[in-house]
1. Show which lysines lie in cross-link reach of Lys71 when reach means a straight Cα distance below 20 angstrom and same-chain residues fewer than eight apart are skipped.
2. Restricting to bridges with both residues inside the chain, how much of the DSSP beta-bridge set is antiparallel, in percent to the nearest 5?
3. Pop the C-beta distance of Ile72 and Asp160 into the FRET formula with R0 = 41 Å and round what comes out to the nearest 0.05.
4. Putting +1 on Lys and Arg Cβ atoms and -1 on Asp and Glu Cβ atoms, find which of Val88, Tyr77, Gly130 reaches farthest to the positive end of the dipole of the chain.
5. Can you compute the FRET efficiency between Ala27 and Glu54 using 1/(1 + (r/R0)^6), with r the Cβ-Cβ distance and R0 = 25 Å? Round to the nearest 0.05.
6. From the C-alpha coordinates alone, can you work out the Kirkwood hydrodynamic radius of the chain, in Å?
7. Quick one: what are the phi-derived ³J(HN,Hα) couplings along region 30-36, Karplus 6.51/-1.76/1.60 with θ = phi - 60°, whole Hz, x for glycine and proline?
8. Which of the GluC sites (Glu not before Pro) found in region 44-133 are in a DSSP loop and have at most 14 neighbouring Cβ atoms, other than their own, within 10 Å?
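Read the figures in this text as sums done on the coordinates, not as results from a lab. Quantities reported herein were computed from a predicted structural model and do not represent experimental measurements. In this analysis, Cβ positions are derived from the backbone assuming ideal geometry, glycine residues included, and neighbour counts consider all displayed protein chains.
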Amino acid sequence: MSRDQQDQPQIDPTLPEVVQNFLRSGAHLEEIRLDARGRWTHEGLDFENRKVVELFSRSIARTPGGTWVLKIGHFTYPIVVEDVPYFVQGIRWNTSPPLLELSDGTTEPLDPETLRYEPEGKLYTDVKDGAFRARFLRNAYYSVADRMDMDQGQLFLSVDDRRVPLAAIDDL
């Protein structure tokens, strides 16, 4: 293997051939990033066009090789996903089970058993039939927090007449 081949980053062989060839040529892809707070950026600048943000949020996919991409029609573009590909933007508590309003414009029933409360106040749940994690954005997080309580060193969520344990306080 030549030194140039050793220095070249690994290219996902499951990306479309045209993208692989572009990357092998040494060309640079401009960075499109979905940050940990659910914001889309291009080369570090926020996308301001709401329609573009909505399109990107609906178009996230992952190649079998593990690369996050935007898949829009026949167009595939590698992206950076800092944390998770989906975000919970709101919750409809007036249904049973409550419905999660996701960043890709879809809704899904909340499965309280998949909720995970992590340090620094991060709340996650499984979505898309358990294939992905979604992080709760601020408004959705506060909506859940209004239904949380602590008892004997344990954090609980009350939902649908159930009390679901989220985390031991010592773990936070």
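1. Partners within reach: Lys51, Lys128.
2. Details: 36 of 41 bridges.
About 90 percent, rounded to the nearest 5.
3. Values: r = 37 Å, r/R0 = 0.91.
Between Ile72 and Asp160 the formula returns 0.65.
4. Tyr77
5. Details: r = 29 Å, r/R0 = 1.15.
The computed FRET efficiency comes out at 0.30.
6. Values: mean 1/r = 0.0550 Å⁻¹.
Kirkwood hydrodynamic radius for the chain: 18.2 Å.
7. Each residue of region 30-36 in turn: 5, 7, 10, 10, 9, 7, 5 Hz.
8. Values: sites: Glu48, Glu54, Glu82, Glu101, Glu113, Glu120; in loops: Glu48, Glu82.
Qualifying residues, ordered by number: Glu48, Glu82.
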